[in-house]
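The values are calculated or read from the model by the stated rules, or taken from the named source; none is laboratory data. What you are looking at is a predicted structure, and each value in this text was computed from that prediction instead of being measured. Quick reminder, even Gly has a Cβ in these numbers, built from the backbone with ideal geometry, and neighbours come from all protein chains shown.
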Amino acid sequence: MVPTRNLVQDLPATMRRNPDGTFSIFTTSARNKTSRMELYTEIPFLAFHGIQTKGKNECDVLRACVESWQGTSDSNGTRCRSSVTRMDSRTISSPTSTITTPLLVATIATAMLQFLVGYNIVLMNNPEKYVFPGHGTIDWSLAVAALPIGAPLGASLGGRFTAKHGRRRTLILTILFFLTGGFIQTLAPNLRIITLGRFIIGLASGITTVLVPIYLGELAPPDLRGSIGTVNQFAYVIGILVADILSFRLHNERDWRKLFSVTIFLSLAQLLLTCFVVESPRWLFQKNPKDPEAKRILEQLRCNPAHDSDMQEADMEMELSTYVQAVSVHNQEDQSHAMLLSQILSHSHSRYLFICIIVLHVVKQLCGVNAVFYYSTSIFDGMMENPELATILIGSVNVFFTYIALILMDSCRRKTLLMWSFGGMFCSNIALTLSRTGIIAPVISLIAVNAYVAFFEIGVGPIVWLIVAEMFEAHHVTLMMTLCSQIGWIFNFVVSLIFPSMIRLLGDYTFVPFAVALASGFVFTWLALPETHGRNPTEVLRDVKTDARLKNHLDDSWICAADEGLLT
């Protein structure tokens, strides 16, 4: 971490003595005034992978300013160390709270949702030969693709249900969808019923992608939202790995239903956890700003037994006041999705950023990584003696490089990581194709596929979500996340549905179309994507306005044509 004194040097600050003898500190950075409430208003009420540094840095700035004023004298020459220390506790301790029991329970419950999404995505990979043998390629493709068919509908349903009925009820609804789908696919008498079960699980998966970041983002203090989002991302990739490991032992005619039944038992465990899950205080405050239940829940979420009891009460009052003000600010900014989208598309520069985000999310799905997760066993079938072991290795690499991505995102530019990611996946794609055609050794295909997944996780995987929050203001982020989720699931469905047919038609050259998408993503990132690392949305928008190369893109007629299509 940057030393405190260095952090403060370029942050002019003013201090004002309050009537109760405490001091309020107001700091100003080059981009904006930094205050405690802005931790809630500038950082979206969302918990997702990659924003942990943003919340931490904002809190570090406030803490550094407090420490810089330790020992300052007041107008009467009296030392005010004790007053500043008290203000430090009241102002800083709550935003950097440890994870309390209610927050931990909510995190575990939602992490299990993400685990089930990852688990069910790759569930159909290994047991294809044993689940109602004799099925056709199209029937199996539909069964696999049924999950991403239901997911966009689930995302839309989840957004509406969450806003109307609350986060906790939506969580329970999602678990019931997983439970129902799990029962159907486990007890299914034929492949068509399994397809129905996976469609229902797809509904649950779509709701999960909308619910989890919103619910946990509203429960957690700002500096913990990114870390909790990371926990859920790991739950997702671990779910993929566990499905691969269990499939290795259970993909046979006798045990494949046990593999499907894991969803049932985890869903039942989640239902028990919901007895201890709290409602989102932000949602309750939106419904009734004076709701005593919302205040009680917020106290539970922020209670820290390590603090002095008297100071704890003062901290809670400060936290409650800040939280309510932030909710009020967001409520004033909350508009219908149609109005928010119209705001974005009505200006050429924000419209340009919108198109950048959409292009990245489309390319992410067309890069072929989901084909690897869905059909890795089929890819290696005939090329190695035990393709199931190769699938387990791919899942392990996926988990490991999810962690590596966390380290890289703290220090590397987004465009650099994306270009390395697209470029590395492109080279891996070429190596895989050469190996499948026999030009190079077959063992290279295993190395190439693992490199494919590794390069995806260090760039394309997390960054296309992260830069949404770096390109758009907080009140636009939820809309953009929802749109990107729906677009991602739609193209996920397309890839999962057509990939078996691609294998049959293209044979050893199956991955060539994905190479074209990767090359396009590389060129687009290099020429058209603005850098967002270390910048806030205002600065990114300013860069788009001042960059001559990007400005030329804004004048192109294809931008106007795209705008007209989106508005209609």
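Residue by residue through the range 495-511, note down the ones that are within 13 Å of A371 (Cα to Cα) and assigned to a helix (DSSP H, G or I).
As a first pass, look at the range 495-511 and keep what is within 13 Å of A371 (Cα to Cα): 495-503, 510-511.
Passing the criteria: V495, S496, L497, I498, F499, P500, S501, M502, I503.
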Tally time: how many residues in the range 386-418 are of a type in the set (F, W, Y) and over 28 Å from L529 (Cβ atoms)? 0
Quick one: how many residues across the range 484-509 are exposed (fewer than 15 other Cβ atoms within 10 Å of the Cβ) and of a type in the set (F, W, Y)? 1
Restricted to the range 227-239 and to residues being surrounded by 23 or more Cβ atoms within 10 Å (Cβ to Cβ) and farther than 12 Å from M112 by Cα, the residue farthest from the chain's Cα centre (by Cα) is I228
Scan the range 107-152 for residues that are assigned to a helix (DSSP H, G or I), closer than 20 Å to S376 by Cα and of a type outside the set (A, V, I, L, M) and report the count. 13
Every residue in the range 99-141 that is modelled with pLDDT under 85 and touching a Ser or Thr at 6+ places or on another chain (Cβ under 6 Å), please. N125, N126
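Has the range 170-186 got at least one residue that is small (G, A, S), within 16 Å of A143 (Cα to Cα) and in contact with a Leu (Cβ under 9 Å, 6 or more places away or on another chain)?
If we filter the range 170-186 for residues that are small (G, A, S), which is where we start, we get 181-182.
Pick out the ones that are also within 16 Å of A143 (Cα to Cα) and you get 181-182.
Then drop every residue that is not in contact with a Leu (Cβ under 9 Å, 6 or more places away or on another chain), which leaves 181-182.
So far as the range 170-186 goes, yes, one or more of its residues are small (G, A, S), within 16 Å of A143 (Cα to Cα) and in contact with a Leu (Cβ under 9 Å, 6 or more places away or on another chain).
Yes/no matrix, rows are residues, columns are (1) in contact (Cβ under 8 Å) with a residue 60 or more places away in the chain; (2) outside any helix (DSSP H, G or I); (3) crowded, with 21+ Cβ neighbours inside 10 Å:
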| site | (1), (2), (3) |
| --- | --- |
| L389 | yes, no, no |
| N429 | yes, no, yes |
| I439 | no, yes, no |
| I444 | no, no, no |
| V449 | yes, no, yes |
| I463 | yes, no, yes |
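Of everything in the range 189-216, what is outside any helix (DSSP H, G or I) and touching a residue at least 24 places away in the same chain (Cβ under 8 Å)? Give them in sequence order. Reasoning before the result, please.
Kept after step one, since they are outside any helix (DSSP H, G or I), are these residues of the range 189-216: 189-190.
Within the range 189-216, N190 is the sole residue that qualifies.
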Looking at A146, A155, which is the one that is surrounded by 22 or more Cβ atoms within 10 Å (Cβ to Cβ) and modelled with pLDDT of 90 or more? A146
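Residues are listed down the side, and each one gets a yes or a no for (1) of a type in the set (A, V, I, L, M); (2) at pLDDT below 90; (3) surrounded by fewer than 14 Cβ atoms within 10 Å (Cβ to Cβ); (4) in contact with a strand residue (DSSP E or B) (Cβ under 8 Å, 6 or more places away or on another chain):
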| position | (1), (2), (3), (4) |
| --- | --- |
| L241 | yes, no, no, no |
| S247 | no, yes, no, no |
| L250 | yes, yes, no, no |
| R254 | no, yes, yes, no |
| K258 | no, no, yes, no |
| S261 | no, no, no, no |
| I264 | yes, no, no, no |
| S267 | no, no, no, no |
| F276 | no, no, yes, no |
Could you please tell me which pairs satisfy a Cβ distance under 7 Å, a separation of 6+ or placement on different chains, a first residue in the range 135-146 that is assigned by TED's automatic domain parsing to the domain that holds L196 and within 13 Å of L196 (Cα to Cα), and a second residue that is of a type in the set (D, E, K, R) and outside any loop (DSSP other than H, G, I, E, B)? W140/E128; A143/R198; A146/R198
